[in-house]
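Data first, discussion second: the structure below is written as structure tokens.
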Amino acid sequence: MSGLRIQDLSILLPRGGDRTHALAGISLAVAPGEILCVVGESGSGKSVTASAVMGLLAPGLAVERGSITLGQDNLLALTPAQWRATRGARIAMVFQEPMTALNPLMTVGGQLSEMWIVHRGLSKREALARALAALEEVQLPDPAGALNAFPHELSGGQRQRVMIAMALALEPELLICDEPTTALDVTTQAQVLKLIKDLQQRHNTAVLFITHDFGVVAEIADRVAVMQLGHVVEEGPVGEVLLRPQHPYTQALLAAVPPLNAPPTRPLPDTGAVLELVGLTKTYASRGIFRRRKAVKALDGVTATLKRGTTLGIVGESGSGKSTLARCVVGLMGLDGGTIRIAGQPLTQDRQKAAHLAQMVFQDPYASLNPRRSVGAQVAQGPIAAGTSSAEAWAEARRLFALVGLEPEAVRRYPHEFSGGQRQRIGIARALAMKPEVLVADEPVSALDVSVQAQVLKLLRDLQGRLGLSILFITHDLRVAAQLCDEVVVMQNGRIAEAGPVAEVFTNPRHAYTQSLLAAVPGRSVLEAG
């Protein structure tokens, strides 16, 4: 069979790890014109598999045995020069974060045309013409403008389309997609998935698709392989694996996927408003020497209320104003107009006073922690700055670690010594250390595996019940919003399109934009049926 074939592949981990092998005798195959989704939690071996196929194994990882063949060629036997000729031409990869995969100093056209110049020997003019055609094929709204743009001038979804155009530029036999839609909102995600599938069918490309999102699997896969701790524990056609999973691990992963159907609306406590947003406006103005100044209204008359002890979800696409709203509520950004009141007090630009009113839990728990300081020091830092004695602050840090499900003595450890889910628990502990009136959670589970995501969501619900937390929850994942939030605000282009109890809004959406968001949730029909 042509296409990709991995046989009995074992890859050793460096000594001293929690297991000996990153991969332990796995066998997989992807035929031309087929999409194989590989799913599993962090540490399951998904990305190591992709790296091995690309010849990009990290230092310290060693192939113990096995083979990887593409067509008739053994990829493990390629020389560095042969690999340079193979990558891009025969095997291409779409990475999770296009901003870090694209060169920030080169225009999109320059990076795309480089593919044909290096691998096909085309002239610069011919290569640019091919680049324009490639951007048209991935349906960018302004291909000619994107050709002359730098990566930072495009949206996340547009950058991912550029990455797909680059990956398919030379019509490779194999396309590897490593979590390409994780950071995208539901409508952009749906567009990118449809684009990948359409182009794959048009070019008859074999696709190895790495993901932890079962909604994506249901939407795009022909077959599924489930990995756990370096082993393939289950494999089969997508409908069979999702609807009739055989292995307990697959069953547990599917059980952790939050349903889109919101639970019945619970009676909200009659405690009054803890957060009041009245007529918020915020405009960004781009500045450039050679480009025309452009104003973008990130917030345009936003008015909303968070009741004490409840969770208010803010949902919408990228660019809808969600994160701008979050930054304004915690005092990281000033408003152009409107009023924010927390616990009856107007939000002040005095950071020390604002710290007790609102605290944020960030999307990336690793990037938000200082790698050179112990996690306990980072949790205790805020209270110490506010006047609490060091001994009291450290004692409180230990108590908070126990509260969020971590060992109290782990306060002496450093961020790299924790898993992603544990680091997010530390971020929650750090926010709670200031005893804020409002906890602002900005996409706090979007980077986590489905099972870890379920644990963090359960923790937030438990903490809310125990401490009476008031949570402003920012997310583009409507499944998460359905399960955690009491009320929801749907934002579009800086304005509120629709608001109300989450069960009511998601069951009977009135606004066309809300309806389009719900319709775009990947794998909805398959997962809800299962």
(request) Show the residues, 5+ positions off or on another chain, whose built amide H is closer than 5 Å to the amide H of MET360. (result) VAL440
(request) For Rg and Dmax of the Cα atoms in Å, several values are listed as (i) 25.5, 84; (ii) 27.7, 85; (iii) 24.3, 71; flag the one computed from this structure. (result) (iii)
(request) For the chain, calculate the relative contact order in percent as a whole number, restricting contacts to Cα pairs under 8 Å that are 6 or more residues apart. (result) 16
(request) Would you mind checking which residues have amide H under 5 Å from THR107's amide H? H placed 1.01 Å from N; only 5 or more apart, or other chain. (result) none
(request) Write down the radius of gyration of the stretch 376-430 and its Dmax, each obtained from C-alpha positions, in Å. (result) 10.5, 31
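Starting from the Cα gyration tensor of the stretch 47-152, take the square roots of the eigenvalues, sort them a ≥ b ≥ c, and report rounded, prolate or oblate (rounded when a/c is under 1.5, otherwise prolate if a/b is larger than b/c, else oblate).
It comes out prolate by the Cα gyration axes.
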(message) Once you order the gyration tensor axes a ≥ b ≥ c over the Cα atoms, which shape class does the stretch 1-96 get: rounded for a/c under 1.5, otherwise prolate or oblate by comparing a/b with b/c?
(response) prolate
(request) State the dimensionless ratio Rg/Rh of the stretch 119-198 (Rg: radius of gyration of Cα atoms; Rh: Kirkwood radius). (result) 0.96
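For the stretch 368-513, what class follows from the C-alpha gyration tensor (a ≥ b ≥ c being the square roots of its eigenvalues): rounded when a/c is under 1.5, otherwise prolate if a/b is larger than b/c, else oblate?
Prolate shape, in that a/c is at least 1.5 and a/b is the bigger ratio.
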(request) Out of all DSSP beta bridges with both ends in the chain, state the antiparallel percent to the nearest 5. (result) 55
(message) Under the rule of at least 5 residues apart or a separate chain, name every residue whose amide H is placed under 5 Å from the amide H of CYS177.
(response) VAL94, LEU208, PHE209, ILE210
(request) For TYR366 paired with SER390, estimate the spin-label separation in nm (one decimal), with each label point 7 Å from Cα along the Cα-to-Cβ line. (result) 3.1
(request) Rounded to the nearest 500, what is the 222 nm mean residue ellipticity of the chain from helices alone, with -39500 (n - 2.57) per DSSP H run of 4+ residues and division by all residues? (result) -11000 deg cm²/dmol
(message) Under 20 °C and 1.002 mPa s, how fast does the stretch 170-220 diffuse according to Stokes-Einstein, given a Kirkwood radius computed over C-alpha pairs? Answer in µm²/s, whole number.
(response) 189
(message) Can you give me the C-alpha center-to-center distance between the stretch 61-96 and the stretch 342-410, rounded to a whole angstrom?
(response) 46
(request) Find how much the distance from ALA129 to GLN201 grows on full extension, using 0.36 nm per residue of separation minus their present alpha carbon separation; answer in nm with one decimal. (result) 23.6 nm
(request) With θ set to phi - 60°, apply the Karplus curve 6.51 cos²θ - 1.76 cosθ + 1.60 along the stretch 2-10 and write out the HN-Hα couplings as whole Hz, x wherever there is a Gly or Pro. (result) 7, x, 9, 9, 10, 10, 6, 7, 10
(request) Give a residue-ordered list of calculated ³J(HN,Hα) values for the stretch 330-336 (Karplus: 6.51 cos²θ - 1.76 cosθ + 1.60, θ = phi - 60°; whole Hz; x for Gly, Pro). (result) 8, x, 7, 8, x, 8, 8
(message) I need two numbers for the stretch 130-263: Rg to one decimal and Dmax as a whole number, Cα atoms only, in Å.
(response) 16.8, 51
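Values in this text are rule-based calculations from the coordinates and carry no lab data. The structure displayed is predicted, hence computed values, not measured ones. Counting neighbours? That spans all protein chains shown, and the Cβs are built from the backbone with ideal geometry, glycine included.
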